[in-house]
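The values are calculated or read from the model by the stated rules, or taken from the named source; none is laboratory data. Quick caveat: nothing in here was measured; it's all calculated off a predicted structure. Counting neighbours? That spans all protein chains shown, and the Cβs are built from the backbone with ideal geometry, glycine included. Heads up: the accessible areas ignore ligands, DNA and RNA and are worked out on the full protein's heavy atoms, side chains in. Shrake-Rupley method; radii C 1.70, N 1.55, O 1.52, S 1.80 Å.
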Amino acid sequence: GFLRSAPRCRRNFRWRLEDVDEVRVLLVDDNDDFLTGAASWLATDPELELVGTARSGLEAMDEVERLKPDLVLMDVTMPDVSGFDTTRRIKSSDDSPRVILLTLHHSEVAKEEASAAGADGYVAKNEITEQLLPTIRELIR
């Protein structure tokens, strides 16, 4: 699967998700309706704590610095910096969070680009209710 093929070149790995009680999540998407719906959905899982939202790639980079989330759920398509480029920048840090990219349209090209950017997972939005929690659980183990 994608998670097993994601790059494992992390230096100074500062935490494993199973070492924390609640996974601190930053949600990044430029669509307010999606942010609201996803925030409500995430709130139903006691192991996930939504610590913030961002509406652009630049805002996401600032919020990662400020909030130090364990996990970033990020849309691929955003108005300023793409989710791929934002992921690449976030993952360049030694103590970077895990990143799962979210996309409207599942494609092998996008999946490969997500992996090349250093994403830890990739989920199509139309499969989010079935695939996101299992993808997060895979990272927790």
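For region 117-141, name all the residues that are open to solvent by 50 Å² or more (accessible area, probe 1.4 Å), in contact (Cβ under 8 Å) with a residue 12 or more places away in the chain and over 19 Å from Ala39 (Cβ atoms).
Within region 117-141, Glu138, Arg141 meet the criteria.
Identify, by number, the condition in (1) of a type outside the set (Asp, Glu); (2) open to solvent by 20 Å² or more (accessible area, probe 1.4 Å); (3) in contact (Cβ under 8 Å) with a residue 60 or more places away in the chain that Gly37 doesn't meet.
(3)
Being farther than 23 Å from Asp45 by Cβ, of a type in the set (S, T, N, Q) and surrounded by 21 or more Cβ atoms within 10 Å (Cβ to Cβ) is true for just one of Thr77, Thr86. Which residue is that? Steps first, answer last, please.
Values: Thr77 fails: surrounded by 21 or more Cβ atoms within 10 Å (Cβ to Cβ).
The conditions single out Thr86.
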